[in-house]
Amino acid sequence: MAKTMIELKNADLTLGQAAASVHVLKGMSLEIDAGQSVGIVGPSGSGKSTLLMVLAGLERLDKGEIVIDGTPLQGLSEDRVADFRGRNIGIVFQSFHLIPNMTALENVAVPLELANARDAFDIGRRELTSVGLGERLSHYPGQLSGGEQQRVAIARALAPSPKLLIADEPTGNLDTETGRQIADLIFSKQAERNMTLILVTHDNSLAARCSRQIKVRSGIIVDDGRTTAGLAPSAVSA
């Protein structure tokens with residue numbers, strides 16, 4: 001029987017306050033097995049990126065439960081959530097989020113050092129080499145192409161050897177060919193390391209490469225990629 005990596009129960013979240021508040025997640029429940037690759041798709045404003053932030057431990061639920069690899073996150077302090085995330089979850093963003101005055105190697109190694117990892121710079125060199133940037137270690141983000149910057153971001157996400165890799169529109173800022181190369185890299189690393197991959201994308205062809213697709217609309221899951229049993233007809237057809 002497959003091990004459960006993610007368990008989300010009755011997740012409810014409102015962002016903003018008073019008249020500006022938006023009910024983003026509306027009682028979502030979801031289970032994802034370890035080692036799965038899962039694409040989360042839906043229109044803009046559907047809640048898919050917020051769902052991703054909840055799964056990454058970057059947003060706190062108002063109600064409900066989130067359990068990652070057997071660890072409930074709801075009862076943990078912010079520091080303990082951050083520590084758990086640093087050891088178990090790698091995150092790749094659309095906009096790279098590299099520190100501009102640090103080299104590629106420093107962008108990968110310094111977060112490891114801050115987490116008290118041993119041999120941080122050796123790990124950084126290994127990971128950058130594994131994503132094809134072994135000759136670009138001393139280059140700054142401004143000296144790298146968009147695709148190369150995303151490779152640095154992927155190396156940084158992989159450096160702690162996470163069990164869960166989360167990617168939010170990882171090809172969104174790239175041209176078609178570079179985006180394809182980055183997608184190939186992400187899926188190859190996921191398979192090579194047997195990680196669980198959660199991918200949010202507007203690109204249906206990219207989502208189709210995942211072993212499972214979850215469709216989100218208006219803050220609810222309308223298709224969990226396993227079965228539509230139990231869903232209201234209106235939700236299934238939405």
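The values are calculated or read from the model by the stated rules, or taken from the named source; none is laboratory data. Note that the structure is a prediction, hence the values are computed from the model and not measured. No Cβ is skipped: glycine too gets one built from the backbone with ideal geometry, and neighbour counts run over all protein chains shown. The area values use the complete protein model at the heavy-atom level, side chains included, leaving out ligands, DNA and RNA. Shrake-Rupley method; radii C 1.70, N 1.55, O 1.52, S 1.80 Å.
Structure above, values below:
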quantity: Inter-label distance for GLU135 and GLU78, nm, one decimal - labels placed 7 Å from Cα along Cα-to-Cβ; calculated: 4.4
quantity: Electrostatic dipole magnitude of the chain [Cβ: Lys, Arg +1; Asp, Glu -1; Cα centre; debye, to 20]; calculated: 340
quantity: Chain lengthening between ARG212 and ILE99 when straightened (0.36 nm per residue, less Cα-Cα); calculated: 37.3 nm
quantity: Sequence-separation-based contact order of segment 1-91, relative, with Cα cut under 8 Å and 6+ spacing, percent; calculated: 32
quantity: On Cα atoms only, tilt of 104-114 relative to the major axis of the chain in degrees; calculated: 70
quantity: Per residue value of the accessible surface for the chain (all protein chains in place, 1.4 Å probe), Å²; calculated: 48
quantity: Amide H contacts under 5 Å for THR4, placed H, 5+ residues apart; calculated: ALA34
quantity: Simple Cβ-charge dipole of segment 1-91, Lys/Arg +1 and Asp/Glu -1, about Cα centre, in debye nearest 20; calculated: 120
quantity: Taking the chain and dividing mean pair separation by its residue count, relative contact order in percent (alpha carbons under 8 Å, at least six apart); calculated: 27
quantity: Accessible surface of segment 1-116 [probe 1.4 Å, protein heavy atoms]: carbon and sulfur percent; calculated: 50
quantity: Alpha-carbon centroid distance for the pair segment 98-116 / segment 27-51, whole angstrom; calculated: 29
